[in-house]
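Below is one structure, written out as structure tokens, with a few remarks after it.
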Ligand SMILES: Nc1ncnc2c1ncn2[C@@H]1O[C@H](COP(=O)(O)OP(=O)(O)OP(=O)(O)O)[C@@H](O)[C@H]1O
Ligand SMILES: O=C(O)[C@H](O)COP(=O)(O)O
């Protein structure tokens, strides 16, 4: 299954001004230093290729959620610096996103040069997908390239609207992400096992529903598993539970049974009275959560059960941690799952910032077939939704 959209290989870019939308929404610390540049590195193949082809690059991204106002805290300046280092050339930083000054800077670019625009979300028109703003962005260039997979689920001016005014194609990162996710969803080698965790069922209902029709086994851990345990009639103490989703969890379990899909829930959990580093967790059976405690991780027996299932898999997709993995010792279940995925030798796709962090913590990132740069975007894809940032691109 391959993406049926044109890519930068299908257009002539030599000497042309190319508007490249990337997702440089990277984490920064309080000194505004980039703490993880994965998303910048992931866009390099597209940027390098375009430079080598003699294109003039106008690169655009959002950073955080500045709510439609200029705010130095959300400036892309630190990104321009990092990108300069990675590309080994000076990336010019535009003082604005649109307007005469930016148009002039874009017009003066030489083949192979790169101009980074300021945060597109400094304008409220960006998130409103305002056609006039999209037209202003389009005026900066002759071709539009979308490589921002992480923002492809947003129908914004720079991810979707702009494509009405320019020839629009995908970059290499977009192509790679879509190809891996489509292969997993539409043509998985079996057994196909999905692992879903994280805080809330409500965030992932659509994903679970869609995956039930595709997988051989679905393993549920993390905070969301508590809502399922409650649906089974178990006492969940002070655990995170979505009371209004208990019936839905029951329906999903029945549906899995009807469809012959193996749905595995925790059989034991690690509990503690509070979430605090170093608090000794206690392992109890899933139906034995004490009234005053919270389930914060899957237990060892569950980790073993999940591991056995994962080791049988030929395809694995994973989103969301198995517990409060940021706080030790509640990271053990998540790390065990990461290790099993790595050992399985299955084609594995991991998405969501937390699961990616867990894979890195377990030091197995190099054994994962594809680590997605998209959180929300990969979830929406797994839900079976069409991504606006992909839909607007030229068909092959
Ligand atoms: N048993 C639990 N009780 C409370 N919180 C939990 C539990 N298990 C996991 N969590 C929390 O869930 C959060 C992650 O959930 P989320 O649904 O955001 O995951 P994700 O999809 O990997 O993340 P992202 O938002 O980066 O895509 C973590 O902060 C973790 O501490
Ligand atoms: O970090 C992300 O998931 C993307 O950059 C999208 O960001 P957003 O959720 O603020 O639209």
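Only the coordinates and a few stated rules stand behind these numbers; no lab work does. Since we're looking at a predicted model, the values are computed, not measured. Every residue, glycine as well, gets a Cβ built from its backbone with ideal geometry; the counts of neighbours run over all protein chains shown.
If you build the convex hull over the alpha carbons only and average its shadow over all orientations, what do you get for segment 180-383? Give it in nm² to one decimal.
Details: hull surface 38.9 nm².
For segment 180-383, averaging the hull's shadow over all directions gives 9.7 nm².
Of the residues 148, 231, 168, the one that moves most in a GNM of the chain with alpha-carbon contacts below 10 Å is 231. A convex hull fitted around the alpha carbon atoms of segment 40-110 yields 94 Å³ per residue. Each part reduced to its alpha carbon centroid, segment 134-168 and segment 329-384 end up 30 Å apart. Counting beta carbons within 10 Å around each of 96, 244 and listing the fewest first gives the order 244, 96. Using a Gaussian network model of the chain whose springs link C-alpha atoms within less than 10 Å, name the residue from 24, 381, 70 with the highest mean-square fluctuation. Looking only at 24, 381, 70, the largest GNM fluctuation is found for 70. Relative to the longest principal axis of the Cα atoms of the chain, the long axis of helix 332-344 makes an angle of roughly 70 degrees. Relative to the longest principal axis of the Cα atoms of the chain, helix 201-212 runs at roughly 90 degrees.
For residue 267 and residue 394, what is the calculated FRET efficiency with R₀ set at 41 Å and r taken between the beta-carbons, to the nearest 0.05? Walk me through the numbers before you get to the answer.
Details: r = 50 Å, r/R0 = 1.22.
Here the calculated transfer efficiency is 0.25.
Take every Cα pair under 8 Å whose residues are at least 6 apart in sequence, average their separation, divide by the length of segment 1-130, and the relative contact order is 29 percent.
Our helix-only sum for the chain, with -39,500 (n - 2.57) per DSSP H run of n ≥ 4 divided by its residues, gives a mean residue ellipticity at 222 nm of -10500 deg cm²/dmol. Inter-label distance, residue 209 to residue 328: 4.1 nm, where each label sits 7 Å from its Cα along the C-beta direction. Taking label points 7 Å from Cα along the Cα-to-Cβ direction, residue 386 and residue 275 give a separation of 3.8 nm.
With only alpha-carbon atoms in the gyration tensor, what are the semi-axes of the equivalent ellipsoid for the chain, in Å, largest first?
Numbers: eigenvalues 346, 95, 68 Å².
Output for the chain: semi-axes of 42, 22, 18 Å.
Going 7 Å from the Cα of residue 10 in the Cα-to-Cβ direction, what parts of segment 137-171 have a backbone nitrogen less than 17 Å from that spot? Residues passing the 17 Å test: 143-148, 163-171.
Relative contact order, whole percent, for the chain stands at 17, derived from Cα pairs under 8 Å and 6 or more residues apart. Largest GNM mean-square fluctuation across 90, 127, 258, computed for the chain with C-alpha springs under 10 Å, falls on 258. Distance from the Cα centroid of segment 302-319 to that of segment 49-125 is 42 Å (rounded to whole angstrom).
Could you tell me which of rounded, prolate or oblate describes segment 1-150, using a ≥ b ≥ c as the square roots of the eigenvalues of the alpha-carbon gyration tensor, with rounded for a/c under 1.5 and, failing that, prolate when a/b is larger than b/c and oblate otherwise? Intermediate values should be presented prior to the final figure.
Details: a/c = 1.36, a/b = 1.20, b/c = 1.13.
Rounded shape, in that the Cα axes give a/c under 1.5.
Taking the longest Cα principal axis of the chain as reference, the axis of helix 246-259 is set at about 90 degrees.
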